[in-house]
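Since the structure comes first, as structure tokens, the remarks are kept for the end.
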Amino acid sequence: MVTTFKRHSVLPGFNLALGFTLLYLCLIVLIPLSAAFIKTATLSWPQFWATVTTPRVVASYRLTFGASLAAALLNALFGLLVAWVLVRYRFPGKQIIDALVDLPFALPTAVAGIALTALYAGNGWIGRWFEPFGIKIAFTPLGVFVALTFIGLPFVVRTIQPVLEDVECELEEAAATLGASRLQTFARVILPTIFPALVTGFALAFARAVGEYGSVIFIAGNMPMISEITPLLIITKLEQYDYVGATALAVVMLVISFVLLLIINGLQWWSRRREDGL
Amino acid sequence: MACEHATMSTVTLPLDVGRSRLRATQEPTWVRRTLIGVALAFLTLFLFVPLISVFYEALRKGVGVYFASIVEPDALSAIKLTLISAAIAVPLNVLFGIAAAWAIAKFEFRGKNLLITLIDLPFSVSPVVSGLIYVLIFGLQGWLGPWLAEHDLKVIFAVPGIVMATIFVTFPFVARELIPLMQAQGSEEEEAAAVLGASGWQIFSRVTLPNIKWGLLYGAILCNARAMGEFGAVSVVSGHIRGSTNTMPLHVEILYNEYNFAAAFAVASLLALLALVTLVLKSVVGDRAATDKEQDTKP
């Protein structure tokens, strides 16, 4: 080895701090996570494949990923708008609203779940306006979409906000003096600057939505093939003592979340580089 | 905001002085009002109305029912268990966060980026999967299951499992707050203390801790909110035994599934209050932490 593992420093405590960090990380995170992969390895590849591609499971993937994608897209659009309004404009109550944007982070998912269900049920404050048109929201896939929109809301706002605050005014002024309209300036100057942050926020909201459980199960109705999400199927299998089947599904979810994590890390790196370059 | 300020200090002539007094980097008033209106409508529909409805549903059957639902023995035992698991999980993750941030921010070593990614890992794992992996290790059919059964120890469907699942889901909160903060602050002050002969503990308690205290508190607040509110992971390992392995969110679920809506929302309203307190503390402490970071990054 040409380079040493650690550069010399006068500060003490490196071995203790790193040792404790690694021990704790292994005990709490890495060993338990590896248990899922080891358990699944007891299945042969065809067995594994058959377990994770039954029609009921595939229907759950379709709902989980479809609803997550739709919710993340809606959040990208409105998150950008909310971030814009909070950064650029002044209006009464702005600080309180800014703080409340984090509510979905702070509110336990079960509470969000029952509140949204009460609101969007046929006799609820919001649901009753849709009922006459024959639109049911609670206990249908639409309800899943509503719950996932709620829990993903802060991600886009919070990733765009700091970048939007740093957009340099000179660029916008230059665009204006060159004859660009406000809309052109937004589309050609501001949007390209905040675009990496927008995509990062979208990916974070999507990743969170894919794994979500607590807020969804109350409002989904949980009908097999129709409104059953993948995390719920894992629980169902566990309750039937089908540990191997539950773990196989968990491994699918884990692999997907690791891939999403890699993509998000790449996006954040892109975002930082774009910011530094400006 | 930044833009408004800059336009005022530099001399920018409005493009069309006669027709409007609009600055070149501002939108017309009607656009501004529409955007604010649409944003507020969206937030009202998806945030404020659900929040208000929790308190409305909780109090709908009257204050008597509300308090009766909260002081009922099963509810009290759920509150107690929630407090216990947070009281164990938060200090452990604070300790871990400090150790990880000290190693990562103050020293240069190989594999640091990988370590940071691994620390963030629990955030990207579905709560249900977080619970399941502990069942695979400590459950009756798990790796340690037979050994635990032999010694009459219970982890899954008991309090230790709930605490472990809570630690897992709140694992990154403090570390991910402290790592960037301590990296931004650098280690010159600590090095100066070390050269002057301060011991490791003295360096930490007198130099580092005062610099990071707000960031630390901020991370602990977020960690606590998640610890008390976690549902999915805890639900898998709890076994839902009333009065013994139910946390507050699980108690809400049971009451709700029994169509006891008033009681479910009463307990839920306590959790919603916790969320509101968290948001207030978060914005107060967050501002201080941000000031700390800015002051220290200035040369």
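Summary of computed values
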item	result
Selected residue [part of a helix (DSSP H, G or I) and open to solvent by less than 10 Å² (accessible area, probe 1.4 Å)] from A:189, A:199, A:157	A:157
Which listed residue, of B:122, B:73, B:50, B:91, is at the interface with chain A (Cβ under 7 Å from one of its Cβ atoms) and either open to solvent by 30 Å² or more (accessible area, probe 1.4 Å) or under 19 Å from residue A:33 (Cβ atoms) (or both)	B:122
Residue, most open to solvent (accessible area, probe 1.4 Å), within the range B:233-259, restricted to residues that are more than 8 Å from every other protein chain (Cβ to nearest Cβ) and hydroxyl-bearing (Ser, Thr, Tyr)	B:259
The listed residue being modelled with pLDDT of 90 or more, within 13 Å of another protein chain (Cβ to nearest Cβ) and more than 30 Å from residue B:268 (Cα to Cα), out of A:163, A:199	A:163
Residues (open to solvent by less than 10 Å² (accessible area, probe 1.4 Å) and more than 9 Å from every other protein chain (Cβ to nearest Cβ)) located in the range A:204-214	A:205, A:209
Number of the condition not met by residue B:129 [criteria: (1) free of Cβ contacts under 8 Å to residues at least 12 places away in the same chain; (2) surrounded by fewer than 24 Cβ atoms within 10 Å (Cβ to Cβ); (3) part of a helix (DSSP H, G or I)]	(2)
Condition met for residue A:72 (at negative phi and within 16 Å of the chain's Cα centre (by Cα))	yes
Exclusive hit being basic (Lys, Arg) and within 28 Å of residue B:125 (Cβ to Cβ), set B:288, B:226	B:226
Boolean, residue A:217 is more than 30 Å from residue A:88 (Cα to Cα) and open to solvent by less than 50 Å² (accessible area, probe 1.4 Å)	yes
Residue A:6 in contact (Cβ under 8 Å) with a residue 24 or more places away in the chain and within 11 Å of chain B (Cβ to nearest Cβ)	no
Residues that are surrounded by fewer than 22 Cβ atoms within 10 Å (Cβ to Cβ), in a helix (DSSP H, G or I) and more than 10 Å from every other protein chain (Cβ to nearest Cβ), drawn from the range B:260-276	B:262, B:273
Residue B:107 being more than 18 Å from residue A:243 (Cα to Cα), crowded, with 21+ Cβ neighbours inside 10 Å, facing chain A (nearest Cβ under 8 Å) and aromatic (Phe, Trp, Tyr)	no
Pairs, first farther than 25 Å from residue B:125 by Cβ in the range A:256-278, second exposed (fewer than 15 other Cβ atoms within 10 Å of the Cβ) and at pLDDT 85 or above, C-beta under 9 Å, six or more apart	A:274/A:192; A:275/A:166; A:278/A:166
Within the range B:93-108, considering residues that are part of a helix (DSSP H, G or I) and of a type outside the set (Gly, Ala, Ser), the one farthest from residue B:164 (Cα to Cα)	B:106
Residues of the range B:277-293 classified as free of Cβ contacts under 8 Å to residues at least 12 places away in the same chain, more than 7 Å from every other protein chain (Cβ to nearest Cβ) and of a type outside the set (Val, Ile, Thr), total	2
Residue in the range A:160-186 that is most open to solvent (accessible area, probe 1.4 Å), counting only those that are within 16 Å of residue A:87 (Cβ to Cβ) and part of a loop (DSSP other than H, G, I, E, B)	A:168
Residue within the range B:144-166 that is surrounded by fewer than 24 Cβ atoms within 10 Å (Cβ to Cβ), at the interface with chain A (Cβ under 8 Å from one of its Cβ atoms) and either basic (Lys, Arg) or assigned to a helix (DSSP H, G or I) (or both) present	no
Extreme residue, farthest from the other protein chains (Cβ to nearest Cβ), among residues of the range A:229-250 that are open to solvent by 10 Å² or more (accessible area, probe 1.4 Å) and under 22 Å from the mean Cα position of the chain (by Cα)	A:232
Condition broken by residue A:109, with the remaining ones in (1) over 16 Å from residue A:157 (Cβ atoms); (2) more than 7 Å from chain B (Cβ to nearest Cβ); (3) touching a residue at least 12 places away in the same chain (Cβ under 8 Å); (4) not small (Gly, Ala, Ser) satisfied	(2)
Test set (1) open to solvent by 70 Å² or more (accessible area, probe 1.4 Å); (2) closer than 17 Å to residue A:251 by Cα - residue A:69 fails condition number	(2)
The range B:181-190: number of residues that are within 12 Å of chain A (Cβ to nearest Cβ) and at negative phi	5
Set A:129, A:125: member being part of a loop (DSSP other than H, G, I, E, B) and either closer than 19 Å to residue B:222 by Cβ or not charged (D, E, K, R) (or both)	A:125
Hey, residue A:39 touching a Phe, Trp or Tyr at 6+ places or on another chain (Cβ under 9 Å) and in contact (Cβ under 8 Å) with a residue 60 or more places away in the chain or not	yes
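The values are calculated or read from the model by the stated rules, or taken from the named source; none is laboratory data. Predicted model only: the values in this text are computed from it and were never measured. As a convention, Cβ positions derive from the backbone with ideal geometry for all residues, glycine included, and neighbour counts pool all protein chains shown. Surface accessibility is based on the protein's heavy atoms, side chains included, excluding ligands, DNA and RNA. Shrake-Rupley method; radii C 1.70, N 1.55, O 1.52, S 1.80 Å.
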